[in-house]
Amino acid sequence: MNVGLTWRLLKGGGRRGMLGTWLTLGAVAVSTALLLFAVAVDFAFAARADRGAWRNPVAAGSRPAVAIEASRHDYVRGREITVVDLAALPGRSPEPPPGLPRFPAPGEVWLSPALAGLADRLPAAELAARYPKRAGVLGDEGLVHPDELIVVAGRAPDAPELTAARSSDWIVGSQPVKVASLAGEPTEDAEGYQVLGLIASVLMVVPLLVFGGAAARLTVARRDQRLAALRLVGATPGQVVAMTVAEAVIVAFAGALAGAVAYALAVPLLTRVRIDGGPWFVADLWPHPLVMAGTVVAVPLLTGLSAVAGLRRVVVSPLGVAKRETPPGMRWVRLLALVAVLVAVPVVSRGDSVGLIAVVIGLAFLSINLVGPWVVGLIGRITAASARRPARLLAGRRLVDDPRSAWRTVSGVALTGFVAGFLGLLSPGTLAGTQDTGHLRVSAPAGQAATVAQEARDRLKRAGVGAAVTTRKDVVVIALKDATPITDEDARRRALDGAPAQAAPAALDRARTALTGLVPGRTPTTQADDEYFGGQILGDIAVGTVVVLSVSFLVAIASAGITAASSVLDRRQTYALLRLAGTPLEVLDRARRAETLIPLAVMGGGAILVGAFCGVPFMITDPNLTGLVTLIVCVAAGFAGVVGAGALSRPLLRSVTADPAPRPD
Amino acid sequence: MNDVLAGRALTKRFGQTVALAGVDMAVRPGEAVAIMGPSGSGKSTLLHCLAGIMRPDSGEVRLEGTRIDDMGERRRSALRRTRFGFVFQFGQLLPELPADENVALPLMLGGVTRAEAVRRGREWFAPLGLGGMEARRPGELSGGQAQRVAIARALVTKPAVVFADEPTGALDQTTGHDTMRLLVEATKHNGASLIVVTHDPGVAGWCDRTVEVRDGVLLAAGARA
């Protein structure tokens with residue numbers, strides 16, 4: 001009975017009632033789509049970590065070893081190639097690594113599709129000649145991302161590549177290890193990316209939940225008078241609650257389905273975001289069906305719960321809504337919650353666990369959300385007390401009257417301000433690298449530097465590459481001729497091999513190819529190659545910052561637009577009567593703007609400061625210009641977005657006040 | 001004596017429904033006129049056309065000799081703010097503002113400073129029996145008290161005409177009786193005219209004369225005995 005009546009009331013809500021319903025549905029759809037993205041990010045990084053684990057060997061230990069595995073990095077055209085050397089131990093038949101149909105035989109190499117394509121496109125002397133015996137192409141299940149450059153080389157167990165000592169630095173690669181299987185374990189950088197992914201998820205999810213809650217309250221805000229009337233005519237609290245839940249859940253379920261479809265349509269675009277060297281497989285960003293189903297079910301349920309919370313006043317007292325009384329003051333204990341978190345952040349941040357970071361961010365978020373309405377109420381009292389013109393007086397009184405509603409309008413940008421403040425400090429600048437590609441260096445086995453240098457000269461001469469080869473202790477340095485000197489003083493100061501220079505990419509790759517296997521298990525690298533990982537992770541943090549801020553902005557602006565439109569619908573009787581009594585539309589619009597902008601300025605600024613405060617313990621580099629610019633752009637875009645979203649509801653305001661007396665009586 | 005407000009040959013249609021079919025109506029300075037008629041007769045439409053809220057399809061409305069129905073929305077809006085006052089059945093007070101600021105708002109909209117507007121607004125409270133209720137919000141007032149605040153707000157700008165649409169419709173008989181007495185007395189004391197739309201003969205009895213609208217036509221006009 002309740003559901004049937006709810007459905008009839010929902011359908012019979014009239015044009016404006018239906019507009020409100022569509023707004024709620026839209027808000028839930030945006031929330032669901034972005035929530036799926038925030039969740040998918042974690043699964044995507046986990047999937048990458050799992051797929052890449054086989055290149056990170058785990059020593060067999062007490063288990064019987066079946067193969068030897070080592071890995072290192074090579075480079076082409078400024079991109080990184082992962083080189084995995086594999087050898088089956090005598091008498092053993094190890095399982096092939098993921099993506100290979102069989103275990104590679106000694107001498108043969110398997111290339112990833114992207115590397116194979118590149119090898120076919122570039123002259124053989126620049127890349128393909130490094131892999132003379134290509135046996136096939138790796139399948140996707142062995143790749144971290146579709147554009148990954150990787151080569152799997154089969155070796156004999158006693159091949160020099162698997163017996164010579166290598167660098168112990170995990171960034172450079174891994175030592176030859178006897179393994180019991182090729183299961184491996186996620187690499188440290190993969191785990192690092194998972195941590196960053198988790199932080200990004202938390203930064204995105206909390207504003208989303210707040211937004212979703214606001215969307216649910218929209219339903220209630222439009223319905224509370226009608227439901228109060230139902231209470232007045234004898235509906236029981238249970239019936240009112242059931243009808244509220246039914247309505248919120250029906251609308252939210254439709255919104256959640258729409259959001260899931262929107263996310264599905266957006267996945268192909270999202271896969272193009274390049275992180276950790278490449279784009280994504282569609283499957284990575286496609287949440288598990290159970291997660292998808294869980295989200296589509298959980299969002300409506302949470303919306304229903306939020307709606308019930310918003311209806312407490314109606315249920316407790318049928319007159320609670322019908323009569324507008326002075327609202328109880330917001331309790332200052334809310335402020336205590338924020339102060340407690342601010343005191344706790346520097347203390348608990350001494351730990352470095354991922355969970356801790358997530359908890360700190362989550363708590364800070366929630367406390368901002370808790371203290372927000374209290375501060376909005378305070379701002380309202382100050383605004384009303386100091387108002388000289390009607391618009392500011394109206395704005396101030398409305399803020400005092402319903403600070404929660406005003407907070408819902410600005411909470412999105414305020415929480416985005418927190419994210420911007422947090423990331424603004426955390427986001428490191430570009431690495432001050434030398435960009436030196438004019439010199440290749442490789443460590444020779446002890447006492448063999450001169451021999452290796454001579455071999456290098458011979459190979460380069462045969463390949464027609466002009467270079468001067470020298471030795472420095474056990475390091476062989478190859479200075480490419482015709483490289484352009486780098487004049488940057490900072491780069492010159494950091495350069496390891498004399499005056500830094502930039503070689504032509506083709507000449508550099510010819511030299512690399514000629515020198516392949518010069519020292520078994522080691523790759524001649526430039527200083528720019530050695531700076532590759534640092535530059536990549538800093539670049540990825542910058543990309544992640546932009547992604548998180550973009551999502552937060554979408555939430556903030558959608559939130560501001562929807563709540564502004566909803567506010568016009570909720571107050572349409574008041575607005576209509578004000579216009580009827582001769583109040584100019586501009587005054588009403590100014591009041592609306594002031595009602596949003598005043599708390600926005602205070603809360604946005606406050607949230608940025610709190611975000612920056614919470615970010616300080618996690619800073620890995622000094623604050624930088626990029627972070628500051630990101631912050632300023634964020635604030636400017638946030639303000640412009642909210643003002644723009646609010647302005648979009650002006651035609652609605654004009655429409656609801658155009659004919660204040662439509663009755664043909 | 002010249003009419004303060006006059007409508008001539010007013011017509012208004014809503015789709016197929018004829019709300020006004022050539023109505024003539026005039027109000028003299030200081031006069032209180034009741035417009036009566038059953039639901040759907042067109043009495044509220046007549047009030048809205050006379051008040052410049054709604055434009056008639058044809059005919060004209062003049063305030064103190066100046067035609068107002070052909071003015072743009074901005075000028076009509078300014079006119080409503082400065083020359084007219086409004087009292088409605090319910091909902092006309094802003095729930096967020098205390099009673100004194102509700103009364104002061106029309107003055108502030110007209111450019112009077114807030115302190116002066118509130119001071120002048122408060123002068124109306126004691127005469128209307130609202131002393132001590134200046135800081136109360138509408139939700140904390142009884143129906144009769146809220147209507148008296150609305151009367152103060154309608155009169156604070158010293159309007160030429162006060163329009164009241166079912167001003168006692170949400171009140172019990174005794175309170176409605178008191179409210180009408182205050183409305184008529186305060187309006188006249190202020191030198192303004194009053195046009196009241198009602199279907200209650202008791203309310204109409206407080207006015208100088210009554211006109212009846214039926215099917216968009218003014219049927220009869222009678223002066224109070």
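A few points about this structure:
- Near pairs, Cβ below 7 angstrom, 6+ apart or cross-chain, from the stretch A:95-120 (closer than 20 Å to A:V144 by Cβ) to any residue that is hydroxyl-bearing (S, T, Y): A:E95/A:S181; A:V109/A:Y131; A:L111/A:Y131; A:A119/A:Y131
- Within the stretch A:9-52, the set of residues being at pLDDT below 65, in a helix (DSSP H, G or I) and surrounded by fewer than 18 Cβ atoms within 10 Å (Cβ to Cβ) comprises A:L9, A:K11, A:G14, A:R15, A:R16, A:G17.
- Where a residue in the stretch A:384-408 is more than 7 Å from chain B (Cβ to nearest Cβ) and its partner, wherever it lies, is surrounded by fewer than 21 Cβ atoms within 10 Å (Cβ to Cβ) and acidic (D, E), with Cβ under 7 Å and at least six apart: none
- On the stretch given as the stretch B:18-52, residues that are facing chain A (nearest Cβ under 10 Å), of a type in the set (V, I, T), more than 17 Å from B:F88 (Cβ to Cβ) and crowded, with 22+ Cβ neighbours inside 10 Å total 0.
- Filter pass, A:D488 being buried (at least 22 other Cβ atoms within 10 Å of the Cβ) and under 35 Å from the mean Cα position of the chain (by Cα): no
- Checking each residue of the stretch A:423-433 against the condition of being over 28 Å from A:S550 (Cα atoms) and modelled with pLDDT under 85 gives at least one match.
- Pick from the stretch B:54-111, criterion modelled with pLDDT of 85 or more and at positive phi, ranking: surrounded by the most Cβ atoms within 10 Å (Cβ to Cβ): B:G59
- Screening B:P159 with (1) of a type outside the set (G, A, S); (2) within 16 Å of B:P98 (Cβ to Cβ); (3) touching a Phe, Trp or Tyr at 6+ places or on another chain (Cβ under 9 Å); (4) within 13 Å of another protein chain (Cβ to nearest Cβ) gives one miss only, at (2).
- Condition met for A:A298 (under 30 Å from A:H145 (Cα atoms), of a type outside the set (K, R) and modelled with pLDDT of 80 or more): no
- Any hit, the stretch A:69-83, residues being modelled with pLDDT of 90 or more, at positive phi and not hydrophobic (A, V, I, L, M, F, W, C): yes
- For the stretch B:83-107, residues that are within 8 Å of another protein chain (Cβ to nearest Cβ), part of a helix (DSSP H, G or I) and among the acidic types (D, E) total 1.
- Scanning the stretch B:1-17 for residues that are within 12 Å of another protein chain (Cβ to nearest Cβ), among the polar types (S, T, N, Q) and part of a strand (DSSP E or B) gives a single hit, B:T17.
- Selection within the stretch A:367-386 - surrounded by fewer than 20 Cβ atoms within 10 Å (Cβ to Cβ) and in contact with a helix residue (DSSP H, G or I) (Cβ under 7 Å, 6 or more places away or on another chain): A:L370, A:R381
- Checking A:G605 against (1) surrounded by fewer than 17 Cβ atoms within 10 Å (Cβ to Cβ); (2) at pLDDT below 80, the condition it does not meet: (2)
- Scan of the stretch B:108-125 for residues that are more than 8 Å from chain A (Cβ to nearest Cβ), in contact (Cβ under 8 Å) with a residue 12 or more places away in the chain and either of a type in the set (A, V, I, L, M) or in a loop (DSSP other than H, G, I, E, B) (or both), ordered by number: B:G110, B:A117, B:V118, B:W124, B:F125
- Qualifying residue in the stretch B:54-66 (condition: part of a loop (DSSP other than H, G, I, E, B) and within 7 Å of another protein chain (Cβ to nearest Cβ)): yes
- The single condition among (1) without any contact (Cβ under 8 Å) to a residue 60 or more places away in the chain; (2) more than 9 Å from chain A (Cβ to nearest Cβ) that B:R80 does not satisfy is (2).
- Candidate set from the stretch A:551-601 (those that are among the aliphatic types (A, V, I, L, M), touching a Ser or Thr at 6+ places or on another chain (Cβ under 7 Å) and away from every other protein chain (no Cβ under 14 Å)); member that is surrounded by the fewest Cβ atoms within 10 Å (Cβ to Cβ): A:I598
- Test: residue in the stretch B:126-139 that is touching a residue at least 12 places away in the same chain (Cβ under 8 Å) and touching a His at 6+ places or on another chain (Cβ under 9 Å): yes
The values are calculated or read from the model by the stated rules, or taken from the named source; none is laboratory data. The model shown is predicted, which means the values in this text are computed figures rather than measured ones. Quick reminder, even Gly has a Cβ in these numbers, built from the backbone with ideal geometry, and neighbours come from all protein chains shown.
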